[in-house]
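Quick notes on the structure that follows.
The values are calculated or read from the model by the stated rules, or taken from the named source; none is laboratory data. None of the values given here were measured: they were computed from a predicted structure. Counting neighbours? That spans all protein chains shown, and the Cβs are built from the backbone with ideal geometry, glycine included. Remember, those area values only see protein heavy atoms, side chains included, never the ligands or the DNA or RNA. Shrake-Rupley method; radii C 1.70, N 1.55, O 1.52, S 1.80 Å.
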Amino acid sequence: MRKPIIAGNWKLNKTIDESINLVEDIKIKIMDLDREKMPIVVVCPVFTSLKTVGDIIDSSKSIYLGAQNCYYEDAGAFTGEVSVPMIKEVGATYIIIGHSERRQYFGETDNAINLKAKTILAHGLIPIICCGETLEQREAGQTDKIVKNQIIADLKDLTEEQIAKSVIAYEPVWAIGTGKTCESPEANRVIKLIRSTVAEVSSKDAADKARILYGGSVKPSTIEEQMSQSDIDGALVGGASLDAESFAQLVKGAMLVTSK
Ligand code: 13P
């Protein structure tokens with residue numbers, strides 16, 4: 001049974017005050033929803049807002065906190081980095097790693113993503129490991145190979161138990177922030193490929209348990225169709241997570257499918 005996840009990646013948006021307003025609004029809008037049927041809701045603000053947002057959602061017990069990145073060493077001479085124990089200290093449960101924006105603009109490699117995943121899991125937190133092809137790669141017919149290779153490298157040497165706990169997000173780069181959603185059957189096909197890759201490198205049991213999300217221009221108008229696919233276990237949302245009303249609608253849309 002895989003409980004769905006709706007995670008909001010706020011990216012480089014929202015000051016502390018704006019973060020407070022957004023999370024308070026989200027709290028109010030999902031307050032009356034049935035907890036049993038509700039997906040796991042995660043918000044991922046910038047580092048400077050993490051503690052404040054964490055303190056606000058702590059009391060609600062219905063929203064989890066996530067960070068957008070981390071470093072794989074716990075402490076030391078690594079200027080500008082933030083470690084997993086520090087993120088844990090402010091109450092986060094999830095950490096996004098390998099987002100295509102980090103791969104593209106900050107040179108994050110599969111090796112670094114793998115090291116980060118190991119550290120996150122060693123500290124009892126949950127990685128949201130992102131993968132996905134660029135438009136160029138899709139047009140060259142390389143989607144399956146690219147995504148498979150990313151997953152194999154990112155999950156290297158993780159135990160079955162660790163993989164079962166992990167979350168993977170398939171985010172085709174060409175669908176991020178473009179308004180162009182990947183057709184649901186195609187997103188489901190790639191996600192099935194990811195699941196079978198997980199089974200190959202780990203076990204069928206781990207593959208059946210790991211949650212695999214879709215990300216890329218997810219909107220309230222697309223969520224129901226996405227969630228009704230056999231292998232899509234939720235969404236990692238950028239733009240539509242910055243507005244409390246649309247984020248709440250995504251949570252409600254996901255409730256139509258409670259578990260897979
Ligand atoms: P958008 O929902 O804005 O396309 O962003 C998706 C994303 O990158 C989430 O991590």
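Quick look at the numbers
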| quantity | calculated |
| --- | --- |
| Formal net charge of residues neighbouring Ser19 (Cβ-Cβ distance under 12 Å; K, R +1; D, E -1) | -3 |
| Per residue solvent-accessible surface (Å²) - the range 128-176, probe of 1.4 Å | 42 Å² |
| Listed pairs Lys37/Lys148; Lys61/Lys180; Lys37/Lys145; Lys3/Lys219; Lys156/Lys192 exceeding 29 Å between Cα atoms | Lys37/Lys148; Lys61/Lys180; Lys37/Lys145 |
| At least 20 Å along the helix axis (C-alpha) and Kyte average at least 0.0, DSSP helices within the chain | 16-30, 184-201 |
| Cβ charges +1 (Lys, Arg) and -1 (Asp, Glu), total dipole of the chain, debye | 380 debye |
| Where trypsin sites (Lys or Arg not before Pro) fall in DSSP loop in the range 39-98, at most 14 other Cβ within 10 Å | Lys61 |
| Over the chain: helical MRE at 222 nm, DSSP H runs n ≥ 4 each giving -39500 (n - 2.57), nearest 500 | -13500 deg cm²/dmol |
| Residue-by-residue Karplus 3J(HN,Hα) for the range 72-86, coefficients 6.51, -1.76, 1.60, Hz, glycine and proline x | 8, 8, 6, 6, x, 7, 10, 3, x, 9, 10, 8, 4, x, 5 |
| Per-residue SASA entry for Asp74, accessible area with 1.4 Å probe, Å² rounded to 10 | 70 Å² |
| Rounded percent of accessible protein surface that carbon and sulfur make up, the range 79-196, 1.4 Å probe | 52 percent |
| Amide H contacts of Arg211 (H built 1.01 Å from N, under 5 Å, at least 5 apart or other chain) | Ile168 |
| Relative contact order (%) - criterion: Cα under 8 Å, at least six apart; region: the range 187-260 | 30 percent |
| Shape call, the chain: gyration tensor on alpha carbons, a/c limit 1.5 | rounded |
